1. For segment 81-92, state whether one or more residues are aromatic (Phe, Trp, Tyr), farther than 20 Å from residue 122 by Cα and touching a residue at least 24 places away in the same chain (Cβ under 8 Å).
2. Could you please find all residues in segment 100-137 being touching a Phe, Trp or Tyr at 6+ places or on another chain (Cβ under 7 Å) and over 18 Å from residue 11 (Cβ atoms)?
3. Please work out which one of (1) of a type in the set (A, V, I, L, M); (2) over 19 Å from residue 130 (Cβ atoms); (3) crowded, with 20+ Cβ neighbours inside 10 Å is the condition residue 58 fails and give its number.
4. On the given criteria, is residue 36 in contact (Cβ under 8 Å) with a residue 24 or more places away in the chain and either over 19 Å from residue 130 (Cβ atoms) or buried (at least 18 other Cβ atoms within 10 Å of the Cβ) (or both)?
5. I'd like the full set of residues that are more than 12 Å from the chain's Cα centre (by Cα) and among the polar types (S, T, N, Q), limited to segment 82-126.
6. For residues that are free of Cβ contacts under 8 Å to residues at least 24 places away in the same chain and not in a loop (DSSP other than H, G, I, E, B), scanning just segment 93-106, find the one that is farthest from residue 42 (Cα to Cα).
7. Show me the strands (runs of 3 or more DSSP E) entirely contained within segment 1-92 in which 1 or more residues are of a type in the set (S, T, N, Q) and under 26 Å from residue 105 (Cβ atoms).
8. Which ones in segment 107-137 are farther than 15 Å from residue 91 by Cα and assigned to a helix (DSSP H, G or I)?
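Just so it is clear, none of the values below were taken in a lab; they were calculated from the coordinates. Computed from a predicted model, the values in this text were never measured in an experiment. With ideal geometry, Cβ positions are generated from the backbone for all residues, glycine too; neighbour counts draw on all protein chains shown.
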Amino acid sequence: MPHLYNLHIIIAEDDTDDADVICETFSNNPNFGKVSLVANGEELLSYLKDSSNITPDVILTDINMPIVDGIEALQQILNTNDLKTIPCFVYSTSINPSYKEKCDLLGVKAYLIKPYSFEAFEEIPKSILAIIEQQYA
């Protein structure tokens, strides 16, 4: 990842209220030029496999979603040669240690706890940028 501006992030989030807030948060961050939203892991995988879509720079997924959950989607993404180099992040209301352990084993860059206030949501893009910057410095 040569630069940390004008990034394209795809977010998998099934809760419409959370989706609105997280999309607005990333849209308001000047480092992110494009925000794409899908409703579950199946839609995330379909988006990534569709060659007409531009490959995102970052993936952020919730865990608990219908059809295909975030961990199942990440297992496929991080085991696919063309996709496994995309920095993947999880955010969830769950503090279940087994979820975090699974994410760590998969190579997820960070397991972020979904905040309860709008102001705290604004920290998510900053955290993601800091982690990416640290790894590519």
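1. No, every residue in segment 81-92 fails to be aromatic (Phe, Trp, Tyr), farther than 20 Å from residue 122 by Cα and touching a residue at least 24 places away in the same chain (Cβ under 8 Å).
2. Selection gives 100 alone.
3. Residue 58 satisfies every listed condition except (2).
4. Here the answer is yes, as residue 36 does meet what is asked.
5. Hits for segment 82-126 are 85, 93, 94, 96, 98, 117.
6. Top of the filtered list is 97.
7. In segment 1-92, the matching strands (runs of 3 or more DSSP E) lie at 58-61, 88-92.
8. 119, 130, 132, 133, 134, 135, 136
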